[in-house]
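Asks: The structure's right below; bear with me while I get my questions together.
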Amino acid sequence: DPEEDNQIVRDERFDEVIHQVTEDLGYWPQDVVSSLVSRLNELMDARIATVLCGAAGTGKSTVLKILEGARNFVKSEEDALIPDEGDEPPVFDAPTKLVFLPVNAFRFDEIFGAFTDESANSATDPGYLSKILREISTAYKRTKRPTILVLDGDIASSGWGEVFVNLLSNAENHAAAPVNMTFLDRMQLRLPPNLRVVFEVSQMQSMTPALASRASLMYFEDKDGYMWRCVLARWIASRPDSTYGDAVKEWLGEMFELYVPPCLRWLKKNKEGTNCPENVNLVATCFRYIEDFLDEHSTFTGKRGHVEQVFIFSAAWAFGGHLPRVAGDDAEKGGPKKAASTSGFNAAAFSDWWRSEFKSTPFPRGGLIFDYWLDSTTATFSLFSKCPLFMEASSHLKDNFNPLARVCCTAAEVVVPTGDGLAVAYWIRRLLRSGHPALVIGPPGSGKRTCIESAISNLEPEH
């Protein structure tokens, strides 16, 4: 809450450092982020264990990286101090190091080890956590280096979190009574006094009662969209002036504010428990589409209308391209489809909502907005069946398909190209050309491999 934050005594110098480190790391400095970093720093000074609770994309890992950089920046300033004559030179710890362990990526026995020979009561692999803590302890003995161990993932289901937090709680007074950890290989390890442990969880249900009562808690929420706005602002500021002048950057900022919030509200309202990409991912996908199109066709940056065409084309696919298609009747061979259902969480419903929400949309009437692509040669929207990629796939099928040949062939050589499939291949090719990864999701037999093969066919070798 900003009003409550104003009542907290803040270290102005540390806030300046946070601002500088945020920029150095490539993030966009914002008061909300600075406040989160300052609060996390205070919690870590008070408790050995801290819980960061929030959905993916709310900035938990980002805040940790900024805090690591800010602490090391302050330390470098302290190391540069020249002591007064007669004073002992100051002794400072080594730079703080951030160590991530994605607990959900491994099995329980991979993290904590397991007895491989019960009769001998021995274990050949004590687990990843044991190895990491030993490395942290060894580094502390050599350099007194502070370490922040981040355990990212659900800890409630396995039961190990409660045991580990109890140990950390007892270790908070380790200066008077040191606490040792004993691993499956019978090796004991004393926890370093400057070790801090951070648990990253997505929801409160992932927390155990022991964790909630013995660790500090910090909740992350992106209800105002501060995180995707930070990512967007950094992207706009990083665009080269040779292609994106001040006017183009201003236009893009206005268009994002006009189109993005309504799209995110529609997705949140209609997803009804369906998995949906996080807001940051959707916005990042949108500006990657825009970046690729404008970098290739720089002539579009001369007029606001052309820039808006590129934005609308990219935004429609970024926010609605992942939605499931609903089977419909072909209006004409190679033409747009008539949606069978225009309600719910699907592409047809999103298309109808888009037309009603943005009445001045340049998409032609009829069919879905996903049936059309932006022709860079005429600056108009046309059916995907007239896209060069569609013609390329059709020509490849015509030249290579031989029904009498008894040889193995790929799906792309025998499957008739459709507008839906070629539209996905169109965006995959654009992402690959601009150096961005593409994730294709769908059940078996839905045409993922066919789309990928169509996208990479005739792709330049450097891509």
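The values are calculated or read from the model by the stated rules, or taken from the named source; none is laboratory data. Model, not experiment: these values are computed from the prediction. Because the Cβ atoms are built from the backbone with ideal geometry, glycine has one as well, and the counts that use them run over all protein chains shown. Each accessible area value is taken on the protein alone, full model and side chains, heavy atoms only, with ligands, DNA and RNA left out. Shrake-Rupley method; radii C 1.70, N 1.55, O 1.52, S 1.80 Å.
Asks: Distance check, please: which entries in K60/K97; K303/K448; K60/K271 exceed 28 angstrom between their Cα atoms?
Replies: Distance filter (> 28 Å) returns K303/K448.
Asks: Give me the distance in nm between label points sitting 7 Å out from Cα along the Cα-to-Cβ direction at H436 and K75, one decimal.
Replies: Each label point is offset 7 Å from its Cα along the Cβ direction, giving 3.6 nm.
Asks: Another question about this same structure. Can you figure out the FRET efficiency of R325 with A379, using R₀ = 25 Å and their beta-carbon distance, to the nearest 0.05?
Replies: Here the calculated transfer efficiency is 0.35.
Asks: Once the Cβ-Cβ distance between R134 and E257 is put in as r, and R0 is 51 Å, what FRET efficiency do you end up with, to the nearest 0.05?
Replies: Calculated value: 0.55.
Asks: Once the whole set of protein chains is in place, how much accessible area is left on I456, using a 1.4 Å probe, in Å² to the nearest 10?
Replies: 80
Asks: Give me the accessible area of H436, 1.4 Å probe, in Å² rounded to the nearest 10.
Replies: Accessible surface of H436 is approximately 40 Å².
Asks: Sticking with this structure for a sec: Using the heavy atoms of the protein chains alone and a 1.4 angstrom probe, what is the accessible area of region 207-274 per residue in square angstrom?
Replies: Each residue of region 207-274 exposes 51 Å² on average to a 1.4 Å probe.
Asks: Here's something else I'd like to know. What distance in nm lies between label points placed 7 Å from Cα along the C-beta direction at E296 and A114?
Replies: 4.8
Asks: Based on the Cβ-Cβ distance of L101 and E16, what FRET efficiency does E = 1/(1 + (r/R0)^6) give at R0 = 35 Å, to the nearest 0.05?
Replies: Computed FRET efficiency for L101 and E16: 0.65.
Asks: Taking the Cα-to-Cβ direction at A212 and at T361 and moving 7 Å from each Cα, how far apart do the two end points lie in nm?
Replies: A separation of 4.3 nm, rounded to one decimal place.
Asks: Ordered by residue, what ³J(HN,Hα) values in Hz, to whole numbers, does region 237-253 give under the Karplus form 6.51 cos²θ - 1.76 cosθ + 1.60, where θ = phi - 60° and Gly and Pro are x?
Replies: Ordered by residue, 3J(HN,Hα) equals 5, 8, 5, x, 5, 5, 9, 10, x, 4, 5, 5, 4, 5, 4, 5, x Hz.
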